[in-house]
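Peer 1: Pasting in a structure now, in structure tokens, and then I'll have a few things to ask.
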Amino acid sequence: MNKNDIIRLSITDMTVDGSGVGKCSDGTVVFVPDTAVGDVIDAKILKVKKTLCYGKIENIIEPSKDRVEPKCKVSTRCGGCVYRHISYDAELKIKQKKVYDAVTRIGKIDGQKVKSIIGADDNRIDRYRNKAQIPVGLDKNGEVEMGFYSRHSHRIANCDDCLLSPEIFTRISQTFKEFIQKYPNLIYNEEKHLGKIRHLYLRIGESTNEVMVCVVVNGKSFDHQDELFNSIIEKYSEVKSIIINVNKAKTNVILGTENIVVYSKESIKDVLCGLEFELSPLAFYQVNREQAQKLYQKAKEYAALSGDEVLVDLYCGTGTIGLTMAKDCKELIGVEIVNKAIENAKINAKNNGVKNARFICADAEKAAIDLKKEGITPDVIIVDPPRKGLTKKLVDTIVEMAPKRVVYVSCDSATLSRDLKQFEENKYSVKEITPVDLFPRTSHVEAVCLLSRK
């Protein structure tokens, strides 16, 4: 096999990141994005490794029955919506299999414990994101481009209307782009660390229709900012917060830690599972409110609270999961390492009249050890870790705290499966796992799992 070879492939499987898988006659595996199981294609080889190759579609000889016409013109360049070209039913089957394969292969857990995936309603496959982080740059011709980074790169795929974002984001982005086209010298240059404006960051409270506009700046201000902000305030009554987020670091991390309120207030409100939440720029909040409510409902079902339990919520963020269960337990203890999120969680508890909750700003591992020293004996522990999952030490500490049930919310089925195997080896058994699709059209899938003490 050589680079630029054209080969005939039948696509028989999908990778975890949404690429199709085919095999050559000699057994070499080829990964091809934007394909579907059942496609017969001519693929052009782009990269050759010892045991596998990467390619792209040259011609579709026989299309899969799952294929549909993509609505988005830039999805193949953006790389975010890897399933735009197939039906949603086919996408859900792929995501179900992704969780099932990880759980059975990595976790060595009985596949019958994986229940049917909870998908989005038909009218919620698009326009569901309540947050967008939009990079700003100049193309090789000096033209302003805004959109999203292409897959595995820092090249901006220019996109005027992302179908995952609400239409108000599209309109505000257009106003922002018109301003930047007028003053292109304001755009931040990542290589030279010069210029001011790095990203446009938008948030919306779906139930309240409150919108936050946050400009990520290499500094504390930028020229002509009043012109931009006054224009946004005049055009969009939904905007209830305008913020400059200060990020002077030479990094690809999007947000800095300092926020300067330019207009009105630092946060907006949303209602989730009947509770009101304050959302500041740095606060974690699920980007798909409707599907998050389904996820939290399943987590609550697994927690099986009767009113007498001590509930510990590790990685609590702004308190969303725990607070939705607070009225059903005796005491709620939330733990989160981001100080601003803990401040939000305390405000959220107060605003919702929750008096049986306390929140600790600490690393989950250290907090779990400290709670154990305090003599806290939780009946139920909820964990919602980042993609890397739990540390072995945290798993061991949770096992030593001996809760009756552990509810594990995961955004990565591979690390979930690894951690479940550790729990299974240490006095806990997996009872049930339910995948939940919080990110339609993308490769990501969440899962919530119930573990019980043996």
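Peer 1: Taking the stated definitions as given, is C159 surrounded by 20 or more Cβ atoms within 10 Å (Cβ to Cβ), in the same structural domain as A249 (by TED's automatic domain parsing) and closer than 30 Å to F277 by Cα?
Peer 2: On the way: surrounded by 20 or more Cβ atoms within 10 Å (Cβ to Cβ): yes; in the same structural domain as A249 (by TED's automatic domain parsing): yes; closer than 30 Å to F277 by Cα: no.
Criteria not met by C159.
Peer 1: Assigned to a loop (DSSP other than H, G, I, E, B) and in contact with a Ser or Thr (Cβ under 9 Å, 6 or more places away or on another chain), is that true of R77? Talk me through it step by step, then tell me what you get.
Peer 2: Numbers: assigned to a loop (DSSP other than H, G, I, E, B): no; in contact with a Ser or Thr (Cβ under 9 Å, 6 or more places away or on another chain): yes.
So R77 does not fit the description; no.
Peer 1: Kindly check whether there is at least one residue in region 303-312 that is farther than 22 Å from R198 by Cα and part of a helix (DSSP H, G or I).
Peer 2: yes
Peer 1: Okay, moving on. If you check T51, T76, which single one turns out to be of a type in the set (S, T, N, Q), out of contact with any His (no Cβ under 9 Å at 6 or more places or on another chain) and closer than 29 Å to K3 by Cα? First the steps, then the outcome.
Peer 2: On the way: T76 fails: out of contact with any His (no Cβ under 9 Å at 6 or more places or on another chain).
Testing whether each residue is of a type in the set (S, T, N, Q), out of contact with any His (no Cβ under 9 Å at 6 or more places or on another chain) and closer than 29 Å to K3 by Cα leaves just T51.
Peer 1: Does any residue in region 113-127 that is under 16 Å from L438 (Cβ atoms) come within less than 8 Å, Cβ to Cβ, of a residue that is exposed (fewer than 14 other Cβ atoms within 10 Å of the Cβ) and at pLDDT 95 or above six or more places away or on a different chain, and which pairs are these?
Peer 2: Sorted first by the residue in region 113-127, then by its partner, the pairs are R127/E167.
Peer 1: Take region 25-74 and flag every residue that is among the polar types (S, T, N, Q), modelled with pLDDT of 95 or more and surrounded by fewer than 16 Cβ atoms within 10 Å (Cβ to Cβ).
Peer 2: The one that is among the polar types (S, T, N, Q), modelled with pLDDT of 95 or more and surrounded by fewer than 16 Cβ atoms within 10 Å (Cβ to Cβ): N59.
Peer 1: Another one. Being under 13 Å from F284 (Cα atoms) and of a type in the set (A, V, I, L, M, F, W, C) is true for just one of V338, V354. Which residue is that?
Peer 2: V338
The values are calculated or read from the model by the stated rules, or taken from the named source; none is laboratory data. The model shown is predicted, which means the values in this text are computed figures rather than measured ones. Using ideal geometry, Cβ is built from the backbone for each residue, glycine included, and neighbour counts are taken over all protein chains shown.
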